[in-house]
Amino acid sequence: MDKLVSLSKRRGYVFQSSEIYGGTGSVWDYGPLGVELKRNVKEAWWRAMVHMRDDIEGLDAAILMHPRVWEASGHVENFTDPLVECRNCHRRFRVDILLAETGAADLEHAQCPSCGKSGQWTEPRQFNLMFKTQKGAAEDSADVIYLRPETAQGIYVNFLNVQQSARQKIPFGIAQIGKAFRNEITPGNFTFRTLEFEQMEMQFFVKPGTDGEWFERWRELRWKWHQETIGLAADRLRYHPHEKLAHYASAAGDVEFFFGGTIGDEGWGEIEGIHNRTDFDLGRHQEYSGKKLQYVDPQANERYLPYIIETSAGADRVTLAVLANAYREEEVEGEVRTVLSIKPSLAPLKAGVFPLVKKDGMPERATQIHEDLRARGIPSFYDESGAIGRRYRRQDEAGTPFGITVDGETMADGTVTVRERDTMQQTRISQDEVVRYLEERIR
């Protein structure tokens, strides 16, 4: 993970937020390559969930919502954790996580993971995970409002709006990508657990009694997506069913990726959760709002509150999994080559374009190829600085799947060398075929 953090800064994937002021803990900024990778991950999710299906609609609900939403959802009452502080080093920990990680039966025998002292804890106190802010110009009369801790509630309160305007019939889903905020007690591990994060959530509304079947169906679909679309290695993925269920769920499980290090359970960390939320959410919002949220089935002539199958993936965590999955070091001709083997469809840059030398018309020809690729929506990077091998290495480390070199033969017969990142194999093709060649392999 340390090597990945270093590479991420060096190649413009992820930067520490407010770094020039000493940084802000557990808040990160995505650089030029990082923002493109994360955007490609989100677009792959949206394409699979919305564009390729007739039974899922998109939504972009507001971050700020009526405070009663969070009362109905149970967040105001239940979204708190008992917190203790080590009297020696003043680090804070959630009680349940502290006891689980130390294997202690109680706080008296729990050793501080930070300083190693035992039994020197403050009394547990409740810690609200939601960020509060104020709505209104005057501070003394402003209303308390929350930054949403999840995107799902915006979907639930818009259930009938989407269903009726899109003329959807049960079963159908609503998908949303958006920011959420949690005042985590123990954030860390790079972008795995942060205060501000982005979710890719889909809530699928089904008739009660069919929920078990739909839960299994969505579990299989999401499992396949992480392997086939995102390209995560099968041996670094596992499905972990929940033994202890949340108050709203009748079944739940996580797709986990092996990051290694201190993340999650011995290196395994959740990247997506699949839950059968029953009719809890719509039932609570119906109760608290006083508005009927039942679905009217015109064919069966019946009314009911749908059950909900939720798929909730972290855009930041999936992006981190893509980077961790892609990172490798190998020895080539006595030197260590660092490579990000990101799937071409997700790679921020698709090609590096290089004139072999800065003369004989090669820079002009390479620039023409570079501009043609960008005009066709294929992001590329032009580089004429340094030895060609060094330029290849820079793009290998950035995750760019193809390198296109203009040389003397190009000026004579119009052909270029295309080098593949993963195999380093080189192929000679016509300059006129470059766009088609890349498009086929990117798809």
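Just checking, which of Asp81, Asp106 is within 21 Å of Tyr146 (Cα to Cα) and of a type in the set (D, E, K, R)? I'd like the intermediate steps shown before the answer.
Values: Asp106 fails: within 21 Å of Tyr146 (Cα to Cα).
Unique residue meeting the criteria: Asp81.
Looking only at residues that are more than 26 Å from the chain's Cα centre (by Cα) and assigned to a strand (DSSP E or B) in the stretch 267-306, which one is surrounded by the most Cβ atoms within 10 Å (Cβ to Cβ)?
Tyr295
Grab the strands (runs of 3 or more DSSP E) fully contained in the stretch 1-89, keeping just those with 3 or more residues being under 18 Å from the mean Cα position of the chain (by Cα). Talk me through it step by step, then tell me what you get.
Numbers: elements: 14-16, 28-30, 56-58, 80-85.
Qualifying strands (runs of 3 or more DSSP E): 14-16, 28-30.
Is it true that Arg443 is touching a residue at least 24 places away in the same chain (Cβ under 8 Å), crowded, with 20+ Cβ neighbours inside 10 Å and of a type in the set (D, E, K, R)? Can you show your working first?
Details: touching a residue at least 24 places away in the same chain (Cβ under 8 Å): yes; crowded, with 20+ Cβ neighbours inside 10 Å: no; of a type in the set (D, E, K, R): yes.
For Arg443, the condition - touching a residue at least 24 places away in the same chain (Cβ under 8 Å), crowded, with 20+ Cβ neighbours inside 10 Å and of a type in the set (D, E, K, R) - is not met.
Filter the stretch 353-373 for residues that are in contact with a strand residue (DSSP E or B) (Cβ under 6 Å, 6 or more places away or on another chain) and among the charged types (D, E, K, R) and give the result.
Arg365
Give the residues of the stretch 170-191 that are of a type outside the set (Val, Ile, Thr) and in contact with an Asp or Glu (Cβ under 8 Å, 6 or more places away or on another chain), sorted by residue number.
Within the stretch 170-191, the subset of a type outside the set (Val, Ile, Thr) is 171-173, 175-176, 178-184, 187-190.
Selection gives Pro171, Phe172, Gly173, Ala175, Gln176, Gly178, Lys179, Ala180, Phe181.
Assess whether Glu310 counts as being of a type in the set (D, E, K, R) and either over 17 Å from Gln153 (Cβ atoms) or surrounded by fewer than 21 Cβ atoms within 10 Å (Cβ to Cβ) (or both). Show your work before the answer.
Numbers: of a type in the set (D, E, K, R): yes; either over 17 Å from Gln153 (Cβ atoms) or surrounded by fewer than 21 Cβ atoms within 10 Å (Cβ to Cβ) (or both): no.
When the stated conditions are applied, Glu310 does not pass them.
From the residues in the stretch 113-132 that are more than 31 Å from the chain's Cα centre (by Cα) and in a loop (DSSP other than H, G, I, E, B), which one is nearest to Ile97 (Cα to Cα)?
Keep residues of the stretch 113-132 that are more than 31 Å from the chain's Cα centre (by Cα), which gives 115-125.
Applying the additional criterion that residues be in a loop (DSSP other than H, G, I, E, B) yields 115-117, 119-120, 122-124.
On the way: Cys115: 16, Gly116: 16, Lys117: 17, Gly119: 16, Gln120: 17, Thr122: 16, Glu123: 16, Pro124: 13 Å.
Filtering first and then ranking leaves Pro124.
Would you be able to tell me the number of residues in the stretch 372-400 that are surrounded by fewer than 20 Cβ atoms within 10 Å (Cβ to Cβ), under 26 Å from the mean Cα position of the chain (by Cα) and more than 20 Å from Arg436 (Cα to Cα)?
2
Under the condition of being surrounded by fewer than 21 Cβ atoms within 10 Å (Cβ to Cβ) and in contact (Cβ under 8 Å) with a residue 60 or more places away in the chain, which residue from the stretch 401-440 is farthest from Ile230 (Cα to Cα)?
Taking the stretch 401-440 and keeping what is surrounded by fewer than 21 Cβ atoms within 10 Å (Cβ to Cβ), we get 407-409, 411-415, 417-418, 420, 422-433, 435-437, 439-440.
From what's left, in contact (Cβ under 8 Å) with a residue 60 or more places away in the chain: 422, 424, 431, 435, 439.
Numbers: Asp422: 17, Met424: 22, Gln431: 30, Val435: 23, Glu439: 18 Å.
Among them, the one singled out is Gln431.
Return the only residue of Glu272, Glu243, Glu266 being in the same structural domain as Gly178 (by TED's automatic domain parsing) and modelled with pLDDT of 95 or more. Let's see the steps before the verdict.
Working: Glu243 fails: modelled with pLDDT of 95 or more; Glu266 fails: modelled with pLDDT of 95 or more.
Only one candidate qualifies: Glu272.
The values are calculated or read from the model by the stated rules, or taken from the named source; none is laboratory data. Keep in mind it's a predicted model, so treat the numbers as computed, not measured. Virtual Cβ from ideal backbone geometry, glycine too; neighbours counted across all protein chains shown.
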